[in-house]
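Working notes, structure below.
The values are calculated or read from the model by the stated rules, or taken from the named source; none is laboratory data. None of these values were measured; they are calculated from a predicted model. Quick reminder, even Gly has a Cβ in these numbers, built from the backbone with ideal geometry, and neighbours come from all protein chains shown. Please note that ligands, DNA and RNA were not included when accessible areas were found on the heavy atoms of the full protein model with its side chains. Shrake-Rupley method; radii C 1.70, N 1.55, O 1.52, S 1.80 Å.
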Amino acid sequence: MLRDPVSKEVDSLEEEQLEIQPPVDSRIVASNAIKYTAYVMLLFGFLYFLIAYLAPMLEP
């Protein structure tokens, strides 16, 4: 079927959409797990220091 060149109809071309996901390196995931575990341990260590050593000093 011929299309009228004057017609302003737009052909709807379905573009194939590919979901490109970057490869996940297990070393990066392990490194992040170790890093954030260390942050949490440091936080709990600091809180323990505040409660065990500084809190008794504040009581009159």
Exercise for review: Kindly establish whether Met57 is modelled with pLDDT under 90, part of a helix (DSSP H, G or I) and either open to solvent by 100 Å² or more (accessible area, probe 1.4 Å) or hydroxyl-bearing (Ser, Thr, Tyr) (or both).
Suggested key: yes
Study note, to complete from the structure: Pairing a residue in the range 16-44 that is of a type outside the set (S, T, N, Q) with any residue that is open to solvent by 100 Å² or more (accessible area, probe 1.4 Å), where Cβ atoms lie under 6 Å and the two sit 6 or more apart in sequence or on different chains, gives none
Check your understanding: Has the range 20-27 got at least one residue that is at pLDDT 75 or above and among the hydrophobic types (A, V, I, L, M, F, W, C)?
Key -> yes
